[in-house]
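Everything below concerns the one structure shown next.
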Amino acid sequence: MTTATARPIRAIPRSWIALGVLALALLALPLVLRSDSRLNIAILVLVYAALAQAWNILGGFAGQISLGNAAFFGIGAYTSTVLLSRWEVTPWLGMLAGALVAAIFAVIIGYPVFRLGGHYFAIATIALAEIVYTIFNDWEWVGGATGMLIPFARDIETGRPTNSLYYLQFNLGKAPYFYIALALVVLVTVVTVIVDRSKLGYYLRAIKNDQDAARALGVHVLRYKLIAIAISAAFSAVIGTFYAQYLLYIDPETTMRLELSVLIALVAILGGVGTVAGPLVGAAVLIPAAELTRQQLGGSGNAIDLILYGALIVLISIFQPNGLMGLVQRLRHRGGPRPTATPTEQQATAREEAPMLGGYEEERG
Amino acid sequence: MALLELDAITKRFGGLVANHEVTFQVDRGEIVGLIGPNGAGKTTLFNCISGFFPPTSGTVRFDGTDVTGWPAERLVHQGMVRTFQVVRTFPDLTVRENVMIGAFARTNSASTARKIADEMLEFTGLAPRADVLGANLPIAQKKRVELARALATGPQLLMLDEVMAGLTPAERVQAVELIRAIRARGITVLLVEHVMEVVMPISDRVIVLDSGRKIAEGPPQAIVENPEVIAAYLGEKYRPRREETGEG
Amino acid sequence: MDTTLLLQALTNGLLIGMVYALISVGLTLIFGLMEIVNFAHGEFLMLAMYAAFWASVLLNLDPMVSLPLTVGGLALLGLVTYRGIIAQILNAPMLAQIFATFGLGLFLRGLAQYLWSPNFRTIERPWLGQISGGTVNLGGVFLGVPQIAAAILAGVAFAALYLFISRTRIGLALQAVAEDKSTAELMGIDSHRMFALGWVLGGACVGVAGAVLASFYPITPTVGILFALIAYIVVALGGFGSVPGALVAGLLVGLVQEASPILFGVPTTYKYAVVFALYLVVVLIRPQGLFGRF
């Protein structure tokens, strides 16, 4: 799942031009969208793009399917909010603290859980995230099930809610939130590109392909998985802080639920796991579609969005498991050999090998 | 001088003894063949040496260090590397990237790793296939990729688990040449093979396992004439026939 | 410590543990056969409970009477799921396997909410609730009749399943496929039919569990989530693919969940967190679970 498209930036100056145009278009977006509700969708797209990108480092590159990344997101949101509301610590510092707490937590839980492979790992991450959720839901010091409100930053003279960079709060329009979210997406993406091209990225892909073969070549599998989960957790937490400051309200239900973990993974899968562009494309397609569906079909409650959402997941899984980037690649390489190998092909070649070995055995006997 | 020394290696799985007090050594610059009929415990011994599971008792010394029970990834950095009987090419990585994974054992820089990889691809004759995905290679080339990426780790000792299996006679000749070229680079080679004919022409010394024990050791010529070895192999040869008549 | 209170908790734990075991055994059966986790298992259970509910409202049938219908319906759902979805992804990447059933779960949950609203439903005056006023008193330990019946029925279903797997030709074929698919195929066993059978049996078990739960547990579209989570824990704890493991782990989870508030003073709201924590501890010591093979 990691081929040419995994590194679109390396290619040729033309892609730099495309990137520049895209950057300008994104910077101008708040001016074009104008309405707060549309800008809200744009911000959500960026939030999920960043979360899916963070998930991708662990789930896409290393192939460790986490269904508990919401726990890291929630830990980030809670750490900065607690620091802010108890000790007036600026959310910018809170963001770093949250990233640190989430990374440490991730390494501590990763140590036992990484001994499990495949489906087992996915289930363990669900269980862990549920424990974290249950604890926060009952922990009165952090507001329990009702959650925590972040007080408005107010103008000292007029007493009205205002913008404050120190408090990472912008009450006079959503545009600043958009730019900060955009900066976060760029940050996570740059880190992903660096990971992708470095020893870490190569090792993670090797681990995803075949752990024993990786070990035989000197790869300390557990160490690199822990690095991947720490990076993934830290960025998820950073985005959690941003999200808390954006909503100015957090509770376990919105920041830590299984549904959020699933949506994060789904965005990456829809776009194409293990590619740098996949999570961004996935968020750009799925989040507006989900939001518009919800608005069109009359809010939550009747659950039509849930039905469509579920059906979409089933269809992608069956027909396009390599996501939209896989589709793009297939169109680009039409007629040529397929660019990515699925485990199916791997098994197919293993099956091809068997008769050859069998023939060899006969020859010997 | 001995590079690898096994002293009384025993491996038990529950009540089953897979290896019983196997002792031998491999000197620097040698090509040593480890042979034995099916179920002789060759692969188990291989896994014990290369750190895929610890021996029940006994010691493994490598390059003067006691490395008994060290995990595989640590042994690689010490200079011992292995390949797998059933090839384990990374299917989603290109040939070059496969070899780079090995090269990263020596360097943290991707560009250096790429340079090492390209050199190994040249050496193993895989250069024209550098950008093909692992999944899309025929078996003989997958075996070459296994070799190339093991060599890329910069080993002193290369342990090959049945590299010849599944190759055509012509491909085997090429493989033998390649193993000789590897030795010419100063790398010691330990070959596990099932078939005697393959091991004899290239090995300086041959060690024979049967039912988990070492039953013979010496130059190829002596091994071929060793009655115990002949018995072990003949026994195997006639076993299937006995079973057939037993059923019929 | 109050002994009666502890006895009460332990009995409650055993009773609900039997139901957990029954819910989990379908999951473990399917995993043992094809290494696929059914992430829609909780929604299967939810549909079984709704089936019992609607049979009581529309057809005026008590859940115990409509039980064969519920079981049949769920077995059919299992079959359709296998043919329509699972058979398509048997060789797909793990990611696709996980998300295919996950998506199905969301779809079914959404469908239930759309058709039947998110409101709680309970069955009016179920038979089991009326026998001896709904409870029996065993030396100061009060037991709900529906809960006792649920445990007994779960036990019967479990025993029937076990006998089927270990004593019948088809059951042995099923085991052979779980043990070694390619060898079983060489012996002339059609593994796809066995896979389908696994899904039918899994659906049927969840059908029994749903029907018995419907007599005493409130029904909502999201009721399956918690039960499914517990079932994953039970399966992982007992060892993926192990049928006896599901029984032992189901009972263990039930006991831990009910007894931990009394024995260790854990707040009752944390009782599920304790179960998840137990799972993590076991995984740390024995990653393959109590009865796991790998």
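Please identify the pairs in which a residue from the range B:175-190 that is assigned by TED's automatic domain parsing to the domain that holds B:Asp204 has its Cβ atom under 6 Å from the Cβ atom of a residue that is among the charged types (D, E, K, R) and assigned to a helix (DSSP H, G or I), counting only partners at least 6 apart or on another chain. Close Cβ pairs (under 6 Å, with a partner that is among the charged types (D, E, K, R) and assigned to a helix (DSSP H, G or I)) amount to B:Val189/B:Arg183. All of (1) charged (D, E, K, R); (2) part of a loop (DSSP other than H, G, I, E, B); (3) at pLDDT 75 or above hold for A:Arg294 with one exception: (2).
Considering the range B:188-204, the residues that are touching a Gly at 6+ places or on another chain (Cβ under 7 Å) and in a strand (DSSP E or B) include one that is nearest to the other protein chains (Cβ to nearest Cβ), namely B:Glu193. When the range A:115-132 is limited to residues that are farther than 21 Å from C:Phe99 by Cβ and buried (at least 21 other Cβ atoms within 10 Å of the Cβ), the one that is nearest to the other protein chains (Cβ to nearest Cβ) turns out to be A:Ile131.
Across the range A:133-165, the qualifying residues are those that are among the aromatic types (Phe, Trp, Tyr) and in a helix (DSSP H, G or I), and the one among them that is surrounded by the most Cβ atoms within 10 Å (Cβ to Cβ) is A:Phe136. Among the residues of the range A:71-90, those that are buried (at least 23 other Cβ atoms within 10 Å of the Cβ) and within 21 Å of A:Ile180 (Cβ to Cβ) comprise A:Phe72, A:Phe73, A:Gly74, A:Ile75, A:Gly76, A:Ala77, A:Tyr78, A:Thr79, A:Ser80, A:Thr81, A:Leu84. The residue list C:Tyr114, C:Tyr162 contains one member that is in a helix (DSSP H, G or I), farther than 17 Å from A:Ile313 by Cα and either within 14 Å of another protein chain (Cβ to nearest Cβ) or at pLDDT 90 or above (or both), which is C:Tyr114.
The number of residues in the range C:242-294 being assigned to a helix (DSSP H, G or I) and free of Cβ contacts under 8 Å to residues at least 40 places away in the same chain comes to 12. Within the range B:85-112, the set of residues being within 7 Å of chain A (Cβ to nearest Cβ) and either farther than 30 Å from B:Leu45 by Cβ or in contact with a Lys or Arg (Cβ under 8 Å, 6 or more places away or on another chain) (or both) comprises B:Phe90, B:Asp92, B:Leu93, B:Glu97, B:Met100, B:Ile101, B:Gly102, B:Phe104, B:Asn108, B:Ala110.
When A:Leu24 is tested against (1) in contact (Cβ under 8 Å) with a residue 60 or more places away in the chain; (2) in a helix (DSSP H, G or I); (3) of a type outside the set (S, T, N, Q), exactly one condition is not met: (1).
With at pLDDT 85 or above, assigned to a strand (DSSP E or B) and of a type outside the set (Lys, Arg) as the only criterion, which of B:Leu160, B:Leu178, B:Leu151 stands out?
On inspection, the qualifying residue turns out to be B:Leu160.
Against the list (1) away from chain A (no Cβ under 14 Å); (2) assigned to a helix (DSSP H, G or I), the condition C:Val136 fails is (2). So is B:Asn19 surrounded by fewer than 18 Cβ atoms within 10 Å (Cβ to Cβ) and among the polar types (S, T, N, Q) or not? No. If you go through the range C:85-98 and pick out every residue that is part of a helix (DSSP H, G or I), facing another protein chain (nearest Cβ under 7 Å) and over 16 Å from A:Tyr120 (Cβ atoms), you end up with 2.
The values are calculated or read from the model by the stated rules, or taken from the named source; none is laboratory data. As the structure is a computational prediction, the values presented were derived from the model and not from experiment. Don't worry about glycine lacking a Cβ; one is built from the backbone with ideal geometry, like all the others, and counts go over all protein chains shown.
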